[in-house]
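Read-outs throughout are calculated quantities, based only on the coordinates presented, and are distinct from any laboratory measurement. Quantities reported herein were computed from a predicted structural model and do not represent experimental measurements. Here the Cβ is made from the backbone with ideal geometry for all residues, glycine too, and neighbour counts use every protein chain on show.
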Ligand SMILES: C[S@@+](CC[C@H](N)C(=O)[O-])C[C@H]1O[C@@H](n2cnc3c(N)ncnc32)[C@H](O)[C@@H]1O
């Protein structure tokens with residue numbers, strides 16, 4: 001899976017094209033460069049279970065990392081976002097059956113029953129009115145349509161790291177604070193995390209309860225509620241988040257650790273039992289009114 005790989009258009013300049021070729025090769029080898037997305041991609045793909053004849057709508061597609069890969073499986077795939085994605089990826093080549101469109105999740109420009117599957121990844125926590133957005137998703141889905149939502153909980157254990165007496169964690173934290181990279185107390189760190197991700201506070205505090213409440217208030221019924229990535233791999237990933245934040249001040253550290261993907265996968269593989277929790281995958285169907 002060349003996950004998130006987006007081939008770049010020729011610039012017409014030989015030297016530039018040669019450099020783009022190297023960039024492409026690097027992208028092919030590395031994928032999207034997002035450790036978390038890569039680690040959870042097989043579970044997301046299995047949950048979506050896209051059939052070749054299906055029409056798929058992705059809402060809040062961002063850089064189209066998922067859309068690029070998953071559109072290969074569908075009859076056609078529309079990736080939407082509130083920001084104009086063409087600016088981000090104007091020099092990239094997209095598959096023909098992947099259409100990109102700028103629109104608001106709260107007001108979708110599609111007729112009723114236009115899609116078989118609606119997919120949202122990390123969208124719910126950044127919406128001002130998630131119930132309205134799910135009602136819109138229900139409207140554009142056909143009677144048998146499915147809604148799949150992927151929502152991470154990448155920072156479940158960072159609070160423990162922040163307060164831990166472990167020597168390595170304490171050292172990292174003290175150096176981060178001394179260098180002005182992270183705040184000295186967890187509450188400020190937490191606020192910074194929420195601000196960076198634009199995440200709804202209620203979601204951040206208790207993701208699962210929040211999502212259940214949203215779903216119960218729309219025309220959907222949960223069919224599958226599963227988690228990807230077990231606790232040991234989750235802890236390892238979150239340690240990487242914490243270490244990076246303490247060292248660089250960055251609060252979105254997935255980029256740059258892609259070479260550790262085999263290790264994250266190996267840790268997850270070696271711990272087949274035990275609690276999962278980092279990524280929540282929810283598959284819903286429309287409730288049929290009698
Ligand atoms: C956290 S990013 C997730 C991007 C991508 N789905 C992923 O998983 O990598 C949230 C995305 O939702 C988009 N977004 C925010 N509000 C939106 C809205 N009202 N309608 C559609 N997209 C929205 C943002 O522009 C952003 O690309």
_Please report the projected area of region 14-286's Cα convex hull averaged over all directions, in nm²._
15.9 nm²
_Taking 288, 106 and counting other C-beta atoms within 10 Å, the order from fewest to most_ = 288, 106
*Mean residue ellipticity at 222 nm from the helices of the chain, using -39,500 (n - 2.57) per DSSP H segment of n ≥ 4 over the full residue count, to the nearest 500 deg cm²/dmol?*
-13000 deg cm²/dmol
*Value of relative contact order over the chain, rounded to a whole percent, pairs C-alpha under 8 Å and six or more apart*: 21 percent
*For labels at residue 82 and residue 106 in the simple 7 Å Cα→Cβ model, what's the distance in nm?*
0.7 nm
_Among beta bridges that DSSP assigns inside the chain, antiparallel share in %, nearest 5_ = 45 percent
*Taking neighbour Cβ counts within 10 Å as the exposure measure, how do 80, 209, 135 sort from fewest upward?*
209, 135, 80
*Out of 217, 34, 151, any idea which swings most in a Gaussian network model of the chain, alpha carbons joined below 10 Å?*
217
_Residue list for region 114-133, given a label point 7 angstrom along the Cα-to-Cβ vector of residue 202 and an amide N cut-off under 15 Å_ = 124-133
